[in-house]
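See structure below.
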Amino acid sequence: MKNTALTDKHIALGAKMVPFAGYNMPVQYEGVKAEHDCVRNSVGVFDVSHMGEFRLKGEKALDLIQAVTSNDASKLAPFQAQYSCLPNNEGGIVDDLLVYKFTDTEYYLIVNASNIEKDWNWISKHNTFGVEMTNLSDNMSLLAIQGPKAIEALQSLTDVDLASIKYYTFRVGKFAGIDNVIISATGYTGAGGFELYFNNGDANQIWDSVFKAGAPYGIKPIGLAARDTLRLEMGFCLYGNDINDTTSPLEAGLGWITKFTKDFTNSANLKAQKEAGVKRKLVGFELVDKGIPRHDYDIVDATGKKIGIVTSGTMSPSMNIAIGMGYVPTELSAPGSEIYISIRDKSLKAKVVTLPFYKK
């Protein structure tokens with residue numbers, strides 16, 4: 001099992017550590033609800049250094065990215081980021097990822113921790129363009145500093161005007177005395193804030209500086225459990241739950257990152273699927289009856305017949321209602337549609353709702 005550069009910090013803070021994607025990771029510190037509320041209302045820090053980072057350099061770097069990703073990376077200007085996915089040949093998804101453009105010849109791809117090797121092999125297999133690929137994953141740390149007070153908490157640590165970094169753009173600058181830190185206005189919580197990329201050797205200095213500067217704003221360390229409840233309230237997909245090798249981006253509601261203005265892996269089949277219409281869709285739902293939906297619970301109709309599966313579910317800490325996502329037949333995907341969740345041999349009534357669940 002791998003450790004991040006900050007594992008000792010988490011243990012010293014009393015974090016509950018669990019194995020996740022081959023890493024020893026903090027799942028919670030003081031409790032999921034308190035950590036969740038901290039991010040929604042003030043500012044919290046996630047160590048997500050288990051994520052993968054690939055650097056692609058060369059004259060044909062964009063050509064390779066265009067060939068393997070579903071979104072149109074040609075639209076990116078320098079210092080913009082883009083959400084995308086890697087389609088496979090069978091209509092499913094190898095992974096979802098972020099594409100960062102530095103220059104016309106240099107890009108970073110940020111991939112999920114559990115898929116680092118799979119993604120590297122997949123992209124390498126398609127690299128017929130002579131692009132120089134470097135896997136930076138083991139040498140880079142990543143902190144997600146999320147919440148409405150993130151700018152106030154961090155501004156004293158950098159000369160970069162944090163308020164000027166628009167959503168899905170980034171800067172490279174000095175942060176907490178460290179040069180060449182990537183400061184990105186991205187995240188997985190819907191609460192605003194930044195993601196910081198830097199070398200492992202600088203992790204302790206940056207961590208300590210962030211907590212010192214953020215102390216007046218109530219900054220706290222946050223575990224992976226609250227990261228999951230925060231992203232679910234926003235209706236953000238989690239790879240391995242809501243999307244995987246068998247789910248089409250169109251079924252998953254990711255048509256907005258699937259651009260048929262270019263050719264990419266399996267694009268002809270996905271275009272045909274779009275034109276024919278998908279048979280199932282990923283939806284958000286709220287439980288009407290009392291209970292909590294969980295990953296892999298059956299979704300059934302009024303007669304008890306299985307019609308789908310819950311991909312993610314929880315009791316929403318912000319709204320105190322049971323929420324979930326899952327695949328249902330297209331005819332039951334409209335907001336207001338009645339479905340049932342099978343929990344301990346009972347069919348509990350639920351209704352399809354518009355995402356995100358949490359509206360600021």
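Just so you know, all these numbers are worked out from the coordinates, no wet-lab data involved. Just so it is clear, the model here is predicted, and its values are computed rather than measured. Backbone-built Cβ (ideal geometry, glycine too); neighbour counts: all protein chains shown.
Structure notes:
- Each principal axis of the Cα cloud of segment 279-353 was taken in turn, and the coordinate range along them, longest first, works out to 32, 24, 19 Å.
- Extended-chain gain in nm, criterion 0.36 nm per residue less alpha-carbon gap, K262 and Q205: 16.1 nm
- Entries of K57/K118; K271/K359; K2/K75 with Cα pairs more than 28 Å apart: K271/K359; K2/K75
- Counting only DSSP beta bridges with both residues in the chain, the antiparallel share comes to about 95 percent.
- Cα-Cα pairs of segment 1-158 separated by more than 22 Å (percent): 51
- Each of I321, I219 was scored by other Cβ atoms within 10 Å of its Cβ. Listed from fewest to most, they are I321, I219.
- Counting beta carbons within 10 Å around each of R231, R294 and listing the fewest first gives the order R294, R231.
- A straight Cα-to-Cα reach below 17 Å connects K290 with the lysines K346, K349, K351, residues fewer than 8 places away in its own chain not being considered.
- Of all aspartates and glutamates in the structure, the ones whose alpha carbon falls short of 14 Å from that of K9, not counting any fewer than 8 places away in one chain, are D47, D202, D208.
- Size of charge dipole - segment 279-353 - debye, nearest 20, with Cβ of Lys, Arg +1 and Asp, Glu -1, no other charges: 80
- Helical mean residue ellipticity (222 nm; -39500 (n - 2.57) per DSSP H run of 4+; nearest 500) of the chain: -5500 deg cm²/dmol
- Segment M133..N269, full-extension length gain: 46.1 nm, with 0.36 nm per residue of separation and the alpha-carbon distance subtracted.
- When the Cα atoms of the chain are aligned to their principal axes, the ranges along those axes come out at 63, 49, 38 Å in descending order.
- Straight-line cross-link partners of K279 among the aspartates and glutamates, defined as a Cα under 12 Å from its Cα and at least 8 positions apart when in the same chain: E251, E331.
- Entries in K166/K220; K174/K259; K220/K360; K262/K306 that, when Cα-Cα distance is taken, lie over 26 Å: K174/K259; K262/K306
- Cα centre as origin, Lys/Arg/Asp/Glu Cβ charges: segment 160-212 dipole, Debye: 140
- Projecting the Cα atoms of H36, V68, I183 onto the charge dipole of the chain (Cβ charges, centred on the Cα centre) puts H36 farthest toward the positive pole.
- In this Cβ point-charge picture (+1 for Lys and Arg, -1 for Asp and Glu), the chain has a dipole of about 800 debye about its Cα centre.
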